[in-house]
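Heads up, the thing below is written out as structure tokens.
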Amino acid sequence: MDLLNTLVDKGLRRELPTRDEALAVLATSDDDVLDVVAAAGKVRRHWFGRRVKLNYLVNLKSGLCPEDCSYCSQRLGSKADILKYTWLKPDQASQAAAAGLAGGAKRVCLVASGRGPTDRDVDRVSDTIKAIKDRNENVEVCACLGLLSDGQAERLREAGADAYNHNLNTSEGTYGDITTTHTYADRVDTVQKAHAAGLSACSGLIAGMGESDEDLVDVVYSLRELDPDSVPVNFLIPFEGTPLAKEWNLTPQRCLRILAMVRFVCPDVEVRIAGGREVHLRTMQPLALNLANSIFLGDYLTSEGQAGKADLDMIADAGFEVEGAGEVTLPEHRVTAGAGCGAHAEAGCGSHEGGGCGSHADAGCGSHEGAGVCGSVKVRAEQEQPAEARTDLVAVRRRGAGTDLAPNA
């Protein structure tokens with residue numbers, strides 16, 4: 001049986017692919033990208049049908065962050081010409097959220113720059129959560145406030161937060177090359193705190209920072225082990241004024257392969273296309289809906305996305321439908337068990353002996369030494385050459401939260 005058939009079968013059983021199988025997906029040629037999308041699409045449709053969940057970002061506090069994350073336009077020392085403002089008041093944040101909810105979003109993501117919240121900040125965000133939920137009964141609220149201290153996740157849960165986002169971003173082995181003001185272990189600890197508090201954990205990655213295929217597989221396997229309910233896949237937006245401004249390493253085909261690999265490794269998890277899809281997928285965005293079951297609507301934290309109406313048209317034209325507020329996003333086994341991918345004691349996700357994320361140290365596809373691809377899918381002879389820089393594709397956000405202009409949702 002060839003690679004893609006093997007991966008589909010494993011995805012339908014929630015079985016962890018081998019590392020070589022995951023690497024082989026990233027190594028397939030552009031000639032085979034439609035076959036890869038079709039295979040991963042079977043897994044996506046099995047667990048999520050043709051529903052697309054819409055999420056909406058509200059940037060509660062923008063810029064002036066003391067951390068030095070190289071990819072971020074809000075970082076310490078950033079020269080990016082972004083909006084800078086302090087905390088939005090609860091009614092301002094609620095009004096901003098209303099725009100996304102009116103466009104069909106069912107989850108509002110409340111984000112604030114900074115290393116992590118003070119206890120006073122948690123009070124502020126708690127008041128904002130209440131203001132949003134008082135006006136919108138069925139809305140999901142996810143907080144993204146940085147590194148959490150003991151007890152803060154519990155306080156957010158008590159305030160009505162449904163989820164907490166904190167991305168791993170890249171592999172543990174290369175994390176120190178991206179950020180020096182906190183560690184990979186700090187990030188893992190925050191995701192675990194959210195989980196332990198009963199919040200739905202949301203944690204993902206950023207692709208396109210110059211990482212290797214091995215780095216991408218490493219971080220996705222680490223995510224599977226942490227077992228978040230949702231995995232946002234960001235594609236680096238190379239902001240002028242940041243250390244990674246010249247990193248244009250992605251093509252639409254590579255983005256599709258990355259999304260497919262994430263779907264195969266975390267088959268029953270909400271895979272969300274996050275920042276950078278307009279920049280790097282461009283006209284191939286509709287194909288990505290066959291891999292991911294969730295997207296952000298409208299603008300991002302400091303950059304502009306495509307118009308909300310264009311997103312809705314794209315979903316409809318591609319034959320998908322917007323997930324309703326009353327629909328449950330996750331498969332039943334994840335909802336009833338409170339966890340899914342990687343958390344089952346019996347057969348299923350990562351439960352085979354010695355299983356878990358990244359445990360197949362020597363196994364290839366069929367365990368043959370040095371194996372890369374199982375079957376007939378062709379391997380790329382070399383990595384794609386970096387694309388020419390496209391500064392015209394990166395637009396700084398000048399509307400929505402923190403401005404006097406209406407958002408594009």
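Computed from the coordinates by the stated procedures, all read-outs in this text should not be read as laboratory data. Everything quoted here is computed from the prediction, not taken from an experiment. A quick note on method: Cβ atoms are made from the backbone with ideal geometry, for glycine too, and the neighbour counts reach across all protein chains shown.
For the reader, a short list of remarks on this structure follows.
- 3J(HN,Hα) couplings calculated from phi for the stretch 327-335 with the Karplus curve 6.51 cos²θ - 1.76 cosθ + 1.60 (θ = phi - 60°) are, in sequence order, 8, 8, 5, 7, x, 4, 5, 6, 6 Hz; Gly and Pro show x.
- Only Lys, Arg (+1) and Asp, Glu (-1) charged, at Cβ; the chain dipole about Cα centre in debye: 1180 debye
- Computed label-point distance, nm, for sites Tyr85 and Thr183 using a 7 Å Cα→Cβ extension: 3.8 nm
- Residue pairs, from the table Lys53/Lys246; Lys246/Lys309; Lys106/Lys309; Lys79/Lys246, whose Cα atoms sit over 26 Å apart: Lys53/Lys246; Lys246/Lys309
- For the chain, the antiparallel share of DSSP beta bridges with both residues in that region comes to about 10%.
- Selection among Cys266, Tyr175, Ile295 by position relative to the dipole of the chain gives Ile295 as farthest towards the positive end (Cβ unit charges, Cα centre).
- Dividing the mean sequence gap of close Cα pairs (under 8 Å, 6+ apart) by how many residues the stretch 273-322 holds gives a relative contact order of 34 percent.
- The chain - percent relative contact order, Cα under 8 Å, separation 6 or more: 26 percent
- Ordering of 255-263, 307-315, 121-129 by packing [mean C-beta count within 10 Å, highest first]: 255-263, 121-129, 307-315
- A simple spin-label model places the labels of Ala318 and Met284 1.3 nm from each other, with each point 7 Å out along Cα-to-Cβ.
- For the stretch 78-124: rounded, prolate or oblate by the Cα gyration tensor [a/c cutoff 1.5]: oblate
- Three-way shape label, the stretch 78-158, alpha-carbon gyration tensor, a/c 1.5: oblate
- Phi angles across the stretch 103-116 convert, under the Karplus curve 6.51 cos²θ - 1.76 cosθ + 1.60 with θ = phi - 60°, into 3J(HN,Hα) values of x, x, 5, 10, 10, 10, 9, 9, 10, 9, 5, x, 5, x Hz, Gly and Pro given as x.
- Relative contact order (percent, whole number), the stretch 163-291, Cα cutoff 8 Å, 6+ residue spacing: 24 percent
- Between helix 213-226 and the chain: long-axis angle, C-alpha atoms, 0 to 90°, nearest 10: 70 degrees
- Once the Cα atoms are used to define both axes, helix 3-13 deviates from the longest principal axis of the chain by about 60 degrees.
- The charge dipole of the stretch 225-287, taken about its Cα centre with unit charges on the Cβ atoms of Lys, Arg (+1), Asp and Glu (-1) only, comes to about 400 debye.
- Global form of the stretch 1-61, assessed from the alpha-carbon gyration tensor, a/c cut-off 1.5: prolate
- Each Lys and Arg adds +1 at its Cβ and each Asp and Glu adds -1 at its Cβ; summed about the Cα centre, the stretch 132-180 shows a dipole of about 140 debye.
- Phi to ³J(HN,Hα) by Karplus 6.51 cos²θ - 1.76 cosθ + 1.60 over the stretch 234-239, Hz, x for Gly, Pro: 9, 10, 3, 9, x, 6
- Helical content of the chain, expressed as a calculated mean residue ellipticity at 222 nm, amounts to -10500 deg cm²/dmol (DSSP H runs of 4 or more residues, -39,500 (n - 2.57) each, divided by residue number, nearest 500).
- Values [x] 29.1, 114; [y] 19.9, 61; [z] 23.9, 81 are given for comparison; Rg and Dmax of the Cα atoms in Å, derived from the coordinates here, is the one labelled [y].
- Subtracting the Cα-Cα distance of Arg390 and Glu172 from their residue separation scaled by 0.36 nm leaves 75.5 nm.
- Calculated FRET value between Lys130 and Asp30, using beta carbons and R₀ = 41 Å, to 0.05: 0.25
- Helix 90-102 vs. the chain, principal-axis angle (Cα, 0 to 90°, nearest 10): 50 degrees
- Distant-in-sequence amide H partners of Leu57 (H built 1.01 Å from N, under 5 Å): Cys109, Leu297
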